[in-house]
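Values in this text are rule-based calculations from the coordinates and carry no lab data. Please read these numbers as outputs of a predicted model, since none were measured by experiment. Positions of Cβ are generated from backbone atoms using ideal geometry, with glycine treated the same way; all protein chains shown enter the neighbour counts.
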Amino acid sequence: MELGITGKRAAVAAASSGLGLGTAKALAAEGVTVAICSRDRARVDDAVAEIGHGCIGLVCDVSGAAGGTAFVAAATEALGGVDILVTNAGGPPPGTFATTDVDAYPGAIELNLMSVVAMCKAAVAPMQERRWGRVVAITSIAVRQPMPNLILSNTARAGATGFLKTLAREVAEDGVTVNSVQPGLHRTARVTALYGDGADVPMGDAGDFGAIVAFLCGEQAKFLTGAQIHVDGGAYQALL
């Protein structure tokens, strides 16, 4: 399917591996010029080589608001503008209510909420001016169904979802869509670190996930906004 985004410019955060990398590869395959970031130059360079298609690699830490702003600024300079923003970041440390100290929450909120807010603040206004833009946030199925031993992620990502839903309504008339994609367990390094090789992964990998994100950025999805789409191979079974 031709998505109609050839020649667009995308900033994909935290894309040296996992779902971010799968998303960057899917967009690049559609003719999008992609800028990615990671904290490590070697990892960025490896990912750029894997993505190809003129991908631009940036060293940036998006674990907080300042880093999120800096990444969008660097991507804007490198690309000449950002038409598509994919927010993404690693998850905070695992833990339960009993094992997680109150002091751990601000860091998790910086990582999985404030970084999203900051990236959107930096990228969305120019999209509105151009009357076209796509924001897709990679969050977690934990927003719909909180996951055991991930209380920090459950809390912060739910806040990000509320922010994105509100933003979507405010910018819809300007031709900018804002959606979030909620992965379940995919075959990524983080899933292996959390659950081991025996993790219940119904189906799919990072490439399958990236294809969904690319579709949301396409012309066919221009009337889809404010949605939270779970991409989990059917693991989430509730009716709502």
Give me the orientation-averaged projected area of the Cα convex hull of the range 106-186, in nm², one decimal. 5.4
Among the lysines, which fall within straight-line cross-link reach of LYS8, defined as a Cα-Cα distance under 21 Å, with same-chain neighbours fewer than 8 residues apart omitted? LYS25, LYS121, LYS222
Ranked by GNM mean-square fluctuation in the chain (Cα springs under 10 Å), the top entry among ASP103, ASP83, ASP45 is ASP103
Order these peptides, 1-13, 161-173, by their mean beta-carbon neighbour count within 10 angstrom, highest first. 1-13, 161-173
Kindly state, as a whole number, the per residue volume in cubic angstrom of the convex hull around the alpha carbon atoms of the chain. 121
When the dipole is taken about the Cα centre of the chain, and only Lys, Arg (+1) and Asp, Glu (-1) are charged at their Cβ, what size is it in debye, to the nearest 20? 320
